[in-house]
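To start, the structure itself, in structure tokens.
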Amino acid sequence: MVQWFLNGGQFMWPILIVFIFGLVFVVERFISLMKATIQTKSFLSEINTTLKEQGKDAAIEVCRNTPGSVPMIYLAGLSRADRGVLAAEKAIESAGSIEMSFLENNMIWLSTVVSLAPMLGFTGTVYGMVKAFDSIAAANDIQPALVAVGISMALLTTLFGLIVAMVIQFSQNLFTFMIDRLIIKMEEASIDLLDTIEEMEKS
């Protein structure tokens, strides 16, 4: 693999840099989304118990001390629960929009890598073919040995560019799936919270 990389020529280095750049955001998104998923599960069980046993003020403190999208939505809703269900609903919607933006943060860079890596690979392909034809023109003869290096370089840059794009694309699709599940959790939590606030108003 290392030898293939070296044989790919100078365009392999930009592809490698783009790959490392993409992996940085893959690791960042994976850690952030996994943390958000785990925190959401533990928070929902804790907040329901706190609301029933200790009341709204204690629940607000739990929300403030717990990072994550769902706690922020609960915090926004509970903080305005005294103003009525409509005020709480508007606060939840605003907080939900902000948290959705947070969940999708840095996903644009993964899309950039998916687009850029194959483009660099194809550019390396064109460069390799130009080099091969230059070798033919300089020798004034068509011999396999003359064009083999340029064609090999062309194929290797395309290969590595596509591999990088596939790895990052798979990661991006996985994160999109995780984000969709978290958004569903946020929506379910919002409905449960509004029901709870309505019950608190009646009581």
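Since every read-out is calculated from the coordinates, none of them should be taken as a lab result. This is a predicted model, so every value here is computed, not measured. Cβ sites come from the backbone with ideal geometry, for glycine too, and all protein chains shown count toward neighbours.
Based solely on its DSSP helices, what 222 nm [θ] is calculated for the chain when runs of n ≥ 4 H residues each add -39,500 (n - 2.57) and the sum is averaged over all residues, nearest 500 deg cm²/dmol?
Result for the chain, helices only: -31500 deg cm²/dmol.
Excluding same-chain residues fewer than 8 positions from LYS185, which aspartates and glutamates have a Cα within less than 13 Å of its Cα?
Within the straight-line cut-off, LYS185 pairs with GLU99.
Provide the FRET efficiency to the nearest 0.05 for the ASP82-MET34 pair, computing r from the beta carbons and using R0 = 41 Å.
Given R0 = 41 Å and the Cβ-Cβ separation, E is 0.70.
Out of PRO118, LEU182, MET72, whose Cα points farthest toward the positive end of the dipole of segment 2-202 (charges: +1 Lys, Arg; -1 Asp, Glu; placed on Cβ)?
The Cα lying farthest towards the positive end belongs to PRO118.
Quick one: net charge of GLY22's neighbours, Cβ under 13 Å, K/R +1, D/E -1?
0
How large is the charge dipole for the chain, taken about the Cα centre, if only the Cβ atoms of Lys, Arg (+1) and Asp, Glu (-1) carry charge, to the nearest 20 debye?
That gives the chain a dipole magnitude of about 560 debye.
Positive end of the dipole of the chain, charges at C-beta (+1 Lys, Arg; -1 Asp, Glu), about the Cα centre: which of SER101, GLY22, ALA58 has its Cα farthest in that direction?
Positive-most Cα among the choices belongs to GLY22.
Using 7 Å Cα-to-Cβ label points, what is the ASP134/MET107 separation (nm, one decimal)?
It is 4.3 nm.
With no solvent and one equal point scatterer placed on each C-alpha of the chain, evaluate the Debye formula and give log10 I(q)/I(0) for q = 0.09, 0.19 Å⁻¹, two decimals.
For the chain, the Cα-only Debye profile gives -0.53, -1.15.
With a cut-off of 8 Å between alpha carbons and a minimum separation of six or more residues, what is the relative contact order of segment 2-202 in percent?
Relative contact order of segment 2-202: 31 percent.
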